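I have placed the structure first, in the form of structure tokens, so that the comments after it can refer back to it.
The values are calculated or read from the model by the stated rules, or taken from the named source; none is laboratory data. Every value quoted in this text rests on a predicted model; they were computed, and no experiment measured them. Because the Cβ atoms are built from the backbone with ideal geometry, glycine has one as well, and the counts that use them run over all protein chains shown. Areas reflect the complete protein model, heavy atoms only, side chains present, ligands, DNA and RNA absent. Shrake-Rupley method; radii C 1.70, N 1.55, O 1.52, S 1.80 Å.
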Amino acid sequence: MAKRLFVKTYGCQMNVYDSARMADVLAPLGYTSADGAEDADMVILNTCHIREKAAEKVFSELGRLRKLQAAKAESGGRMILAVAGCVAQAEGEEILRRAPFVDIVLGPQTYHRLPEMVARASRAGGAVLDTEFPLEPKFDFLPETRAEGSSAFLSVQEGCDKFCTFCVVPYTRGAEYSRSAAAVLAEARGLAAQGVREITLLGQNVNGWRHDDGWTLGRLIRALAEIDGVERIRYTTSHPRDMDDDLIAAHAEVPRLMPFLHLPVQSGSDRILQAMNRGHDRAAYLRLVDRLKQAQPDLALSSDFITGFPGETDSDFEDTMDLVRRVGFVQTYSFKYSPRPGTPAALMPNQVPEAVKEERLAQLQALLLRQTEAFNQSCVGREMRVLLDRPGRHQGQLLGRSPYMQPVHVRMGDSSLALGGIARLRITRVHPNSLEGIPA
Ligand code: SAH
Ligand code: SF4
Ligand code: F3S
């Protein structure tokens, strides 16, 4: 019987990938996708634990879903409610205590077992909790990835052994694990056969990907570039510590590797970088950026920043502003430090007052926004190859991504433009959240 599944995703791209894979796992059970929780027989919240706000969202959403679930039960139906992802991993028991109407709680490493969990939940008799870190990697049990559209994520690496003092990921995702080169290349070929033209390799430390016989990410990217149809390659998120010579060289040598790199630095202060346990200093980051730009002069960079890490002084913060001015970023994510349960930084003395975190964040974001705007403005008049992967918001428009991840929209009507195609566009205007182009 046809059943409807609705997956709501929070957090990072790994979660976006996992959500799609959970739908793939449940498809053989007859689940097709629902437009919203209202008409779903099963709802999965795929959650994020990275900051307090992200985690709290889950409980308010559960309150809303409980009403839908009750209404469905009253009309003789059933809605299975599952909580997956990083909040589930970190607070599984707590979820079942605070929200006993939840049927399934599962961590990021056990979703290949979903069919069995659904069967158990359907037989009623209490909730199912599975937040193990199983010995068998889930990837070995997942069905073939169904592609949607011309751009796809491909998860190659998971977990983190870096233990930055502020971060929950090593606890929610587990130890670093790399999939085999053969498995990754097979998945990429499958995606290409379904019409995918851009692949973004994903990992919490994607450039820490390694495999037997000396495989590292640079070599994997070169092998991917040989696959017919894979015209664009990206990878995210990289750790500065894992950026090796071969990967830097790939930026010079592989034209299909896009000239855009997300390389989070978090802070520009040596003292704070050390307290964060990032494993590199400011000079090392600046050197790395220089080497990358030597390899690929066209390279644009993006980063994550945290303001108000414990002990951060005005002068530490000024070091961050200075680093931002030196490097110049085209796209960024910046956050106030959020103390997370179980992490060392949460227990550090000298927590920074909320108001100071906010003030610094506002200053930093103003500078970063100016940089993004200046970069966007510098694109006017340039020709770029844009992957048109979505219909635009307005009728008769297509929306795509530039090599630098900027959204670009273009009016249809030219025979050279087709959904899923890569078009050569000349950028004509900058809008607040996108660029506009015409066929070049
Ligand atoms: N593996 C990546 C980042 C993963 S988490 C890396 O090492 O860079 C994504 C981002 O969330 C981080 O880069 C960081 O900027 C932010 N973040 C993580 N923990 C945080 C916390 N406790 N408070 C505020 N921001 C946090
Ligand atoms: Fe978190 Fe640091 Fe690991 Fe990134 S490298 S996931 S910030 S612990
Ligand atoms: Fe969030 Fe987990 Fe990703 S905590 S950022 S969903 S790895």
Unique residue being outside the structural domain of GLY107 (by TED's automatic domain parsing), within 16 Å of ligand 3 (Cβ to nearest atom) and of a type in the set (Lys, Arg) when the list is ARG173, ARG197:
ARG173
Based on this model, can you work out whether LEU364 counts as open to solvent by less than 10 Å² (accessible area, probe 1.4 Å), farther than 30 Å from GLY149 by Cα and not β-branched (Val, Ile, Thr)?
yes
Please determine, by comparing only the residues of region 227-239 that are away from ligand 3 (no atom under 16 Å from the Cβ) and assigned to a loop (DSSP other than H, G, I, E, B), which one is surrounded by the fewest Cβ atoms within 10 Å (Cβ to Cβ).
ASP228
For the structure I just gave you, tell me whether ALA186 is small (Gly, Ala, Ser), in a helix (DSSP H, G or I), touching a residue at least 24 places away in the same chain (Cβ under 8 Å) and away from ligand 2 (no atom under 16 Å from the Cβ).
no
Here is a list of conditions, (1) crowded, with 16+ Cβ neighbours inside 10 Å; (2) on the phi > 0 side of the Ramachandran plot; (3) away from ligand 3 (no atom under 16 Å from the Cβ), and LEU220 meets all of them except one; can you say which number that is?
(2)
For region 26-45, does any single residue satisfy the condition of being acidic (Asp, Glu) and within 16 Å of ligand 3 (Cβ to nearest atom)?
no
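Each row is one residue, and each column tells you yes or no for (1) within 16 Å of ligand 2 (Cβ to nearest atom); (2) at pLDDT 90 or above; (3) of a type in the set (Gly, Ala, Ser).
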{"site": "ALA55", "(1), (2), (3)": "yes, no, yes"}
{"site": "GLU61", "(1), (2), (3)": "no, yes, no"}
{"site": "ARG66", "(1), (2), (3)": "no, yes, no"}
{"site": "ALA71", "(1), (2), (3)": "no, yes, yes"}
{"site": "ARG78", "(1), (2), (3)": "no, yes, no"}
{"site": "ALA88", "(1), (2), (3)": "no, yes, yes"}
{"site": "VAL102", "(1), (2), (3)": "no, yes, no"}
{"site": "ARG113", "(1), (2), (3)": "no, yes, no"}
{"site": "GLU136", "(1), (2), (3)": "no, no, no"}
Looking at region 333-349, which of the residues that are touching a Gly at 6+ places or on another chain (Cβ under 9 Å) and over 21 Å from GLY11 (Cα atoms) is farthest from ligand 3 (Cβ to nearest atom)?
PRO349
May I ask you to verify whether ASP18 is more than 16 Å from ligand 3 (Cβ to nearest atom), in contact with a Ser or Thr (Cβ under 9 Å, 6 or more places away or on another chain) and open to solvent by less than 20 Å² (accessible area, probe 1.4 Å)?
no
Of all residues being open to solvent by 20 Å² or more (accessible area, probe 1.4 Å) and among the small types (Gly, Ala, Ser) in region 25-53, which is farthest from ligand 1 (Cβ to nearest atom)? Just the residue, please.
GLY30
Looking at PHE309 and the list (1) within 16 Å of ligand 2 (Cβ to nearest atom); (2) surrounded by fewer than 18 Cβ atoms within 10 Å (Cβ to Cβ), which single condition is not satisfied?
(2)
Give, as residue ranges, the strands (runs of 3 or more DSSP E) completely inside region 57-168 that count at least 2 residues that are touching a strand residue (DSSP E or B) at 6+ places or on another chain (Cβ under 9 Å), touching a residue at least 60 places away in the same chain (Cβ under 8 Å) and open to solvent by less than 40 Å² (accessible area, probe 1.4 Å).
151-155
Among residues of region 189-226, those that are of a type in the set (Gly, Ala, Ser) and within 16 Å of ligand 2 (Cβ to nearest atom), counted
2
Cross-chain or 6+ apart pairs with Cβ under 6 Å, region 316-337 first and of a type in the set (Asp, Glu) and away from ligand 2 (no atom under 16 Å from the Cβ), then assigned to a helix (DSSP H, G or I) and open to solvent by less than 50 Å² (accessible area, probe 1.4 Å):
ASP316/ILE272
Taking region 266-317 as the search range and keeping residues that are over 19 Å from GLY328 (Cα atoms) and basic (Lys, Arg), which one is farthest from ligand 1 (Cβ to nearest atom)?
ARG271
Only listed residue being over 29 Å from ARG146 (Cβ atoms), under 21 Å from the mean Cα position of the chain (by Cα) and open to solvent by 20 Å² or more (accessible area, probe 1.4 Å), chosen from ASP270, ASP290, ASP242
ASP242
